[in-house]
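What follows draws every value from the coordinates through simple rules; no lab data is involved. Only a predicted model underlies this, so the values are computations on that prediction, with no experimental measurement involved. Don't worry about glycine lacking a Cβ; one is built from the backbone with ideal geometry, like all the others, and counts go over all protein chains shown.
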Amino acid sequence: MTVGPRQFGRFCQVVIGNSARGQGLVVEKLRIQFEITQTILRTPNTATIKIYNLSQENEALIKGEFDEVLVNAGYVGASKLIFAGNIRHSFAYKDGSDHIMELDCADGDADFRNTVVNAVLTAGTTHAQAVDKLAAKFTSTKLGHMMVAGGKRIRGKVMSGPARKFFDEIAATNDAHWSIQNGVLQIVPVDSTLPTDAIVISIKTGMLDAPELDDKGIKVTCLLNPSIRPNGKIWLNNNDIKDAILRQRAAKPGAAKPKKPPKTKHLARTDPDGIYKVYKQVLKGDTRGAGKDWVSEVFAVALEKTIPSGKAAA
């Protein structure tokens with residue numbers, strides 16, 4: 001299991017540019033705010049980024065020429081890429097004495113919306129080969145972790161239409177989710193995860209509130225951790241979850257303090273080893289903020305089978 005990076009000294013770097021022209025702008029020392037939402041679903045991940053008091057020249061470049069953005073964030077000496085995507089819209093406005101450039105961005109949005117495929121899959125084509133043909137049509141998205149069955153097609157097939165439609169079919173056949181994460185295509189089965197270590201989330205590693213358990217899974221809030229990824233694993237102490245349930249029950253008006261959590265069919269189940277799959281996270285940051293302005297809100301579920309940390313899924 002991985003404890004995570006040192007959590008001291010906020011750091012954020014935003015790189016905005018146009019890779020085709022080899023032009024770019026790096027922003028580090030200005031005030032930066034961001035909110036990034038990432039999921040394991042096909043819908044592109046999104047980011048809202050606010051940069052304070054850019055020069056008019058740089059604002060003009062963003063509005064007129066630059067269309068790509070990278071966000072590296074974390075802590076001094078321990079930052080990682082937390083978002084890569086294209087700029088959908090940019091807005092410049094004043095808030096008091098501050099001049100703010102706001103960017104509305106999405107991860108792989110252009111490829112997701114615009115990629116059209118016209119190809120023929122012959123009999124004997126595997127799912128992996130079909131993925132290669134589809135991904136070859138992307139302009140910027142790269143192939144990443146692929147977990148697809150190796151079965152071969154019995155009959156040929158004509159593919160004509162949006163590439164996302166055929167990725168939907170491949171994912172459904174493999175009981176998997178497909179998504180674009182920081183410009184990289186992933187296909188991961190619903191009962192599996194990426195072959196990475198589980199990230200430990202506890203009071204010692206920056207957990208801010210007790211985990212919340214509901215019918216959809218578990219939500220936990222911690223200090224911003226750039227190592228946590230959708231389809232990755234986290235490790236939680238199940239006793240923390242049980243204690244949180246007890247406190248929530250006891251806090252209700254007129255509620256007696258039970259000795260153990262009541263059985264409720266509406267609550268998601270917990271994993272016996274505390275290993276959970278991340279299906280969504282929201283990263284919120286402000287380089288000049290305080291308190292809970294530098295957090296990861298992580299949403300996770302227990303898997304049908306335990307996947308040991310540090311090992312690939314079977």
- Val184-Phe11 FRET efficiency (beta carbon distance; Förster radius 30 Å; 0.05 resolution): 0.85
- Message: So for the chain, averaging the separation of alpha carbon pairs under 8 Å that are six or more residues apart and normalising by length, what relative contact order in percent results?
- Response: 19 percent
- Message: Give me the extension gain from Arg155 to Asp168: residue separation times 0.36 nm, minus the current Cα-Cα distance, reported in nm with one decimal.
- Response: 2.8 nm
- Phi-based couplings in Hz for the range 20-35 (Karplus 6.51, -1.76, 1.60; Gly and Pro marked x): 5, 9, x, 10, x, 9, 10, 10, 10, 8, 7, 5, 10, 10, 8, 9
- Message: I need the peptides 117-129, 59-71 ranked by packing, meaning the mean over residues of other C-beta atoms within 10 angstrom, with the highest value on top.
- Response: 59-71, 117-129
- Note on the structure: FRET efficiency for Lys242 and Leu30 from the Cβ-Cβ distance with R0 = 35 Å, rounded to 0.05, comes out at 0.20
- Note on the structure: Amide H neighbours of Thr125 at under 5 Å, excluding residues fewer than 5 places away on the same chain, with H built from the backbone geometry, are Arg153
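Taking Rh as the Kirkwood radius, which is the inverse of the mean 1/r over Cα pairs, what is the Rg/Rh value for the range 72-205? Mind showing how you got there, number by number?
Numbers: Rg = 19.3 Å, Rh = 17.6 Å.
Rounded to two decimals, Rg/Rh equals 1.10.
Quick check: residue separation of Lys137 and Leu41 times 0.36 nm, minus the Cα distance between them. What number comes out in nm?
32.5 nm
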- In sequence order, what are the phi-derived ³J(HN,Hα) couplings for the range 86-95 according to the Karplus relation 6.51 cos²θ - 1.76 cosθ + 1.60 with θ = phi - 60°, rounded to whole Hz, with x for glycine and proline? 10, 7, 8, 8, 9, 9, 10, 7, 9, 9
- Query: Dimensions of the range 114-189 along principal axes (Cα, Å, largest first)?
  - Reply: 35, 25, 15
- Message: Can you compute 3J(HN,Hα) from phi for each residue in the range 99-115, using the Karplus curve 6.51 cos²θ - 1.76 cosθ + 1.60 with θ = phi - 60°, rounded to whole Hz and x for Gly and Pro?
- Response: 10, 10, 9, 10, 10, 9, 10, 9, 8, x, 4, 5, 5, 4, 7, 9, 6
- Arranged from highest to lowest average of other beta-carbon atoms within 10 Å per residue, in what order do the peptides 198-211, 91-104 appear? 198-211, 91-104
- Item | Ascending count of other beta-carbon atoms within 10 Å, so fewest first, for Cys12, Cys105 | Cys12, Cys105
- Consider a paramagnetic label point 7 Å from the Cα of Ala123 along Cα→Cβ; state which residues of the range 142-158 have an amide N under 16 Å from it. 152-158
- Cα centroid separation - the range 73-132 against the range 46-61, whole Å: 18 Å
- Note on the structure: Gyration tensor (Cα only) of the chain to equivalent ellipsoid, semi-axes in Å sorted down, yields 34, 31, 15
- Message: Can you compute the helix-only [θ] at 222 nm over the chain? Use -39500 (n - 2.57) per DSSP H run of at least 4 residues, normalise by all residues, nearest 500 deg cm²/dmol.
- Response: -4500 deg cm²/dmol
- So which of Lys29/Lys63; Lys219/Lys280; Lys63/Lys137; Lys219/Lys242; Lys50/Lys219; Lys219/Lys284 end up more than 18 Å apart, counting from Cα to Cα? Lys29/Lys63; Lys63/Lys137; Lys50/Lys219
- Message: Binning at 10 angstrom from zero up to the longest distance, how are the C-alpha pair distances of the range 25-67 distributed in percent?
- Response: 22, 44, 25, 8
- Item | Least to most buried among Lys284, Lys137 (fewest other Cβ within 10 Å first) | Lys137, Lys284
